[in-house]
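K.L.:
What follows is a structure written as structure tokens; I'll ask about it next.
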């Protein structure tokens, strides 16, 4: 048991490996940044907004000027440059237009009391109905960190800063291979590859379903070598334990060097990371059971693709006792959460009837239905009814 890697240490090693084998750089337009990893931080060259501007149609005034005010014979529009404010005056202004220099409030048109060419009220506090210069960001402020996987919404920030293009990493190519005689012969469905490939794409990279391979070391070596020659990343499922037919890690180790093998996490323990130096590729060997493959992917494979990060969590009150196996590992427990109450999924009354008073990670690992829960609670201590439990929603586990 002592040879198993701590999950956090394995994730950190995967993240460092991801930095070392990052894809080539390219520049893309702002409308194409979704899902791509930013190379250089986005830094504001100037304050944004560049000027104080009006949030309503009305009259730009200086709050300290005594009423009534003389209305100037002009209207400021959003595309105008700022003008100087004249004391004792009000200037008609449109929403989004820059305030005159020296003005600090906008009297809304519907509230204004106008008598001929004079504005008689109301009085306002300074900065009423105004967005102030630099309130979005200051000059030199970093708005998007280097290494961020960009979203389409980031295009708004880029365009606000006048950035038409940014430098990003090109996506890595991942080949996903399922192993096992039963899967290769079609006796059992491949329940892993589609999920793994979808996660790789979710994390901003290209993934190909590269087929299946039997529990034969020669055939497996041939299939994995071919995939490694044409892809940056190789992700396998199955054949990672120590049984007579478990050849995957051994074959991959022959093609490179093992970074880590075996993680103190269940489901997900028999996972491995291998650097395929001769092929300039990286391999992740994940367990073959679908929930184990998923847990290993979101905890160990994700840091390689998106960098190391602390998992966000929420808190709920657990509704029942749940003992853990005696092995001193971290256990990923699917939970359903409603109205602040967390229920371990797999216990009686939760749909899948897998265990009762003691968690059974081996049974959970094989049951895809538990992935319809709300998230995972990562635990090293038993659950006690009425106690608070930290859990991470599935969307947070899968986020780029």
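K.L.:
Look through the stretch 304-326, keep the residues that are touching a strand residue (DSSP E or B) at 6+ places or on another chain (Cβ under 6 Å) and part of a loop (DSSP other than H, G, I, E, B), and return whichever of them is farthest from residue 190 (Cα to Cα).
P.N.:
Filtering first and then ranking leaves 319.
K.L.:
Moving on. Out of the residues in the stretch 348-366 that are outside any helix (DSSP H, G or I) and crowded, with 20+ Cβ neighbours inside 10 Å, which is nearest to the chain's Cα centre (by Cα)?
P.N.:
Step one: filter the stretch 348-366 for residues outside any helix (DSSP H, G or I), giving 348-360, 366.
Keeping just the survivors that are crowded, with 20+ Cβ neighbours inside 10 Å gives 354, 359.
Values: 354: 31, 359: 29 Å.
Out of the qualifying residues, it is 359.
K.L.:
Mind listing just one residue for me: the one in the stretch 179-204 that is assigned to a loop (DSSP other than H, G, I, E, B) and touching a strand residue (DSSP E or B) at 6+ places or on another chain (Cβ under 6 Å) and, of those, surrounded by the fewest Cβ atoms within 10 Å (Cβ to Cβ)?
P.N.:
204
K.L.:
Shifting gears a bit: Does residue 239 satisfy the criteria of being at pLDDT below 95 and crowded, with 24+ Cβ neighbours inside 10 Å?
P.N.:
The answer is yes for residue 239.
K.L.:
Scan the stretch 214-230 and tell me whether some residue there is in contact with a strand residue (DSSP E or B) (Cβ under 6 Å, 6 or more places away or on another chain), touching a residue at least 12 places away in the same chain (Cβ under 8 Å) and not in a helix (DSSP H, G or I).
P.N.:
No, that holds for no residue.
K.L.:
Mind checking which residues of the stretch 1-27 are exposed (fewer than 12 other Cβ atoms within 10 Å of the Cβ) and part of a loop (DSSP other than H, G, I, E, B)?
P.N.:
Selection gives 1, 2, 3, 24.
K.L.:
Within the stretch 294-303, can one find any residue that is part of a helix (DSSP H, G or I), over 22 Å from residue 250 (Cβ atoms) and free of Cβ contacts under 8 Å to residues at least 40 places away in the same chain? Break it down stepwise before answering.
P.N.:
Quick first cut of the stretch 294-303, residues part of a helix (DSSP H, G or I) only: 294-303.
Of the ones still in play, those that are also over 22 Å from residue 250 (Cβ atoms) are 294-295, 298-299, 302-303.
From the residues that got through so far, the ones that are free of Cβ contacts under 8 Å to residues at least 40 places away in the same chain too are none.
Looking for residues that are part of a helix (DSSP H, G or I), over 22 Å from residue 250 (Cβ atoms) and free of Cβ contacts under 8 Å to residues at least 40 places away in the same chain, one finds none in the stretch 294-303, hence no.
K.L.:
Further, regarding this structure: Answer yes or no: is there a residue in the stretch 36-52 that is in contact with a helix residue (DSSP H, G or I) (Cβ under 7 Å, 6 or more places away or on another chain) and touching a residue at least 24 places away in the same chain (Cβ under 8 Å). Break it down into steps so the answer makes sense when it comes.
P.N.:
Within the stretch 36-52, the subset in contact with a helix residue (DSSP H, G or I) (Cβ under 7 Å, 6 or more places away or on another chain) is 42, 48.
Right, trim to touching a residue at least 24 places away in the same chain (Cβ under 8 Å) and you get 42, 48.
The answer is yes, given that some residue of the stretch 36-52 is in contact with a helix residue (DSSP H, G or I) (Cβ under 7 Å, 6 or more places away or on another chain) and touching a residue at least 24 places away in the same chain (Cβ under 8 Å).
K.L.:
When the stretch 70-126 is examined, which residues are found to be within 44 Å of the chain's Cα centre (by Cα), in a strand (DSSP E or B) and surrounded by 14 or more Cβ atoms within 10 Å (Cβ to Cβ)?
P.N.:
Residues satisfying the conditions are 76, 93, 98, 103, 105, 106, 107, 108.
K.L.:
Also, quick follow-up: Applying the selection to the stretch 354-400, what residues are farther than 30 Å from residue 307 by Cβ and modelled with pLDDT under 95? Show your work before the answer.
P.N.:
First pass over the stretch 354-400, keeping only residues farther than 30 Å from residue 307 by Cβ: 354-360, 362-363, 366-367, 369, 382-387.
Listed by number, the residues that qualify are 356, 357.
K.L.:
Can you say whether residue 309 is at pLDDT below 95 and either surrounded by fewer than 19 Cβ atoms within 10 Å (Cβ to Cβ) or within 21 Å of residue 262 (Cα to Cα) (or both), as far as the supplied structure shows?
P.N.:
Numbers: at pLDDT below 95: yes; either surrounded by fewer than 19 Cβ atoms within 10 Å (Cβ to Cβ) or within 21 Å of residue 262 (Cα to Cα) (or both): yes.
Considered against the rule, which asks whether it is at pLDDT below 95 and either surrounded by fewer than 19 Cβ atoms within 10 Å (Cβ to Cβ) or within 21 Å of residue 262 (Cα to Cα) (or both), residue 309 comes out as yes.
K.L.:
If you go through the stretch 340-373 one residue at a time, how many are over 15 Å from residue 268 (Cα atoms) and in contact (Cβ under 8 Å) with a residue 40 or more places away in the chain?
P.N.:
Step one: filter the stretch 340-373 for residues over 15 Å from residue 268 (Cα atoms), giving 340-358, 369, 372-373.
From what's left, in contact (Cβ under 8 Å) with a residue 40 or more places away in the chain: 342.
Residues meeting the conditions: 1.
K.L.:
Moving on to the next point. Checking the structure you have, find out if any residue of the stretch 153-170 is surrounded by fewer than 20 Cβ atoms within 10 Å (Cβ to Cβ), assigned to a loop (DSSP other than H, G, I, E, B) and under 21 Å from the mean Cα position of the chain (by Cα).
P.N.:
yes
K.L.:
Which one of the conditions (1) under 26 Å from residue 199 (Cβ atoms); (2) out of contact with any helix residue (DSSP H, G or I) (no Cβ under 6 Å at 6 or more places or on another chain); (3) not assigned by TED's automatic domain parsing to the domain that holds residue 388 does residue 342 fail to meet, given that it meets all the rest?
P.N.:
With (1) under 26 Å from residue 199 (Cβ atoms); (2) out of contact with any helix residue (DSSP H, G or I) (no Cβ under 6 Å at 6 or more places or on another chain); (3) not assigned by TED's automatic domain parsing to the domain that holds residue 388 applied to residue 342, the lone miss is (3).
K.L.:
Against the condition in contact (Cβ under 8 Å) with a residue 60 or more places away in the chain and either farther than 30 Å from residue 171 by Cβ or part of a loop (DSSP other than H, G, I, E, B) (or both), how does residue 135 come out, does it pass? Please lay out each step first, then the result.
P.N.:
Working: in contact (Cβ under 8 Å) with a residue 60 or more places away in the chain: yes; either farther than 30 Å from residue 171 by Cβ or part of a loop (DSSP other than H, G, I, E, B) (or both): yes.
So residue 135 fits the description; yes.
The values are calculated or read from the model by the stated rules, or taken from the named source; none is laboratory data. Source: prediction; values computed, not measured. Note that we place each Cβ from the backbone using ideal geometry, even for glycine, and neighbour counts take in every protein chain shown.
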